[in-house]
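Trainee: This is the structure I have questions about; it appears just below.
Where a number appears in this text, it was derived from the coordinates with a stated rule and is not lab data. None of these values were measured; they are calculated from a predicted model. Here the Cβ positions follow ideal geometry from the backbone for every residue, glycine too, while neighbour counts run over all protein chains shown.
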Amino acid sequence: MTGTPRWSPDGKLIAFDSRVGGEADLYVVDPNGGVPHKLRIDRRDNCMPSWSKDGAWIYFTDPRGSGVWKVPTNGGHAVQVAESPASFAIESPDGGYVYFARGEKLWRTKTGGSTEEPVEGMPEVNPVGDEWFPAEAGIYFLSHANGKTMINLFDLQSRQTRPIFTLEKPTPEWIGGMPVSKDGKFMLYPQVDSASSDLMMIGNWR
């Protein structure tokens, strides 16, 4: 299984995870094609990559729940950023903080190292940890209520939340993130357009 693709800040590489060998590993590949390069990391079973603002580091976590780590983009020694439980790490647009999910709360720590702290006033997020994204305007996140899914924006300065857009259709259980473009004008998100199943009959069953 392969997934969680993330563009590098300069657009020259895509990082992703793959379980080709049975456990998760991080890879980078040229977006124009070519052979993916597996990052040699001194930790096993690594997934959900994301880039630092300067492109020098790749953040990741692992299925065992050992917290959030970062490694140089060419591989090597991994440095722990946040202790367990923590997942789905994304650096802030200004490069000052690393945000991550812990249960239904959003937390952050400074990229240079500091005490971990919850984001004050931030509403709860999906415990899966993938339904939010830090942008210049604040933290975008999804909420689910009364059968509707809504994109909201949490302003880090005022600590206020306002609705942005109500989705016409539901999202899948795992969305893998909801990235916002650098200019803040666009957001990507998946939705379930249709779902169906077929009833099949087997003849001459014995």
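Trainee: For segment 130-192, compute the orientation-averaged projected area of the C-alpha convex hull (one quarter of its surface), in nm². Walk me through the numbers before you get to the answer.
Mentor: Numbers: hull surface 17.2 nm².
One quarter of the hull surface, i.e. the mean projection, equals 4.3 nm².
Trainee: May I ask you to derive the relative contact order of the chain, considering only C-alpha pairs under 8 Å and at least 6 residues apart, and to give it as an integer percent? Mind dumping the intermediate values first?
Mentor: Details: 460 pairs, mean separation 19.8, N = 206.
Relative CO of the chain lands at 10 percent.
Trainee: Let me make sure I get this right: for segment 1-83, a, b and c are the square roots of the gyration tensor eigenvalues over alpha carbons, sorted descending. Under 1.5 in a/c it's rounded, otherwise prolate if a/b > b/c, else oblate. Which is it?
Mentor: Numbers: a/c = 1.82, a/b = 1.21, b/c = 1.51.
Oblate, since a/c reaches 1.5 and b/c is not below a/b.
Trainee: Just want to confirm a number: the relative contact order over segment 95-206, from Cα pairs under 8 angstrom separated by 6+ residues, in percent. It would help to have the intermediate numbers written out before the result.
Mentor: Working: 185 pairs, mean separation 18.2, N = 112.
It comes to 16 percent, rounded to a whole number.
Trainee: Spelling out what I want: for every residue of segment 157-168, take phi, set θ = phi - 60°, compute 6.51 cos²θ - 1.76 cosθ + 1.60 (Karplus), and round to whole Hz; glycine and proline get x.
Mentor: 7, 8, 6, 10, 10, 9, x, 10, 7, 9, 6, 6
Trainee: Now a separate question. What residues have an amide H closer than 5 Å to that of VAL81, excluding those fewer than 5 places away on the same chain, when H is modeled at 1.01 Å from N in the peptide plane?
Mentor: Those lying under 5 Å, H to H, from VAL81 are VAL68, TRP69, LYS70.
Trainee: Across segment 51-206, how many lysine pairs separated by 8 or more positions, or lying on different chains, have Cα atoms within less than 28 Å?
Mentor: Here the count comes out as 19.
Trainee: State which stretch of the chain is the longest one without any exposed GluC sites (Glu not before Pro), exposure meaning a DSSP loop state and at most 16 other Cβ atoms within 10 Å. Before the final figure, lay out the partial values.
Mentor: On the way: sites that count: GLU23, GLU83, GLU104, GLU120, GLU124, GLU136, GLU168, GLU173.
Maximal segment without exposed cleavage sites: 24-82.
Trainee: Report the charge-dipole magnitude of segment 130-192 in Debye, nearest 20, computed about the Cα centre from +1 at each Lys and Arg Cβ and -1 at each Asp and Glu Cβ. All intermediate terms of the calculation are to be shown ahead of the outcome.
Mentor: Details: 6 positive and 7 negative charges, 35 e Å.
Roughly 160 debye, rounded to the nearest 20.
Trainee: Under the classification rounded if a/c is under 1.5, otherwise prolate if a/b is larger than b/c and oblate if not, where does segment 93-142 fall, given a ≥ b ≥ c as square roots of the Cα gyration tensor eigenvalues? Don't jump to the answer; show the numbers that get you there.
Mentor: Working: a/c = 1.94, a/b = 1.30, b/c = 1.49.
Because a/c hits 1.5 or more and a/b fails to exceed b/c, segment 93-142 counts as oblate.
Trainee: Loop only per DSSP, at most 10 neighbouring Cβ atoms within 10 Å: give me the chymotrypsin sites (Phe, Trp or Tyr not before Pro) in segment 142-206, ordered by residue number. Spell out each step's value before the answer.
Mentor: On the way: sites: PHE154, PHE165, TRP174, PHE186, TRP205; in loops: TRP174, PHE186, TRP205.
Of the chymotrypsin sites (Phe, Trp or Tyr not before Pro), the ones in loops of segment 142-206 whose Cβ has at most 10 other Cβ atoms within 10 Å are PHE186, TRP205.
Trainee: Give the aspartates and glutamates reachable from LYS38 as a straight Cα distance under 14 Å; neighbours fewer than 8 places away on the same chain don't count.
Mentor: Excluding near neighbours in sequence, the set is ASP17, GLU23, ASP25, ASP30.
Trainee: Right, here's the next one. Pull out a ≥ b ≥ c, the square roots of the eigenvalues of the alpha-carbon gyration tensor of segment 159-202, then state rounded if a/c is under 1.5, prolate if not and a/b is larger than b/c, and oblate in the remaining case.
Mentor: On the way: a/c = 3.57, a/b = 2.64, b/c = 1.35.
Judged from the Cα gyration tensor, segment 159-202 comes out prolate (a/c at least 1.5, a/b above b/c).
Trainee: Hand me the trypsin sites (Lys or Arg not before Pro) from segment 69-175 located in a DSSP loop with no more than 15 other Cβ atoms within 10 Å, in residue order please.
Mentor: Of the trypsin sites (Lys or Arg not before Pro), the ones in loops of segment 69-175 whose Cβ has at most 15 other Cβ atoms within 10 Å are ARG159.
Trainee: Between segment 86-108 and segment 141-200, what is the C-alpha centre distance in whole Å?
Mentor: 18
Trainee: When the expected Rg is taken as 2.2 N^0.38 Å, what fraction or multiple of it is the alpha-carbon Rg of the chain?
Mentor: Working: Rg = 18.6 Å, N = 206, 2.2 N^0.38 = 16.7 Å.
Normalised Cα radius of gyration, the chain: 1.12.
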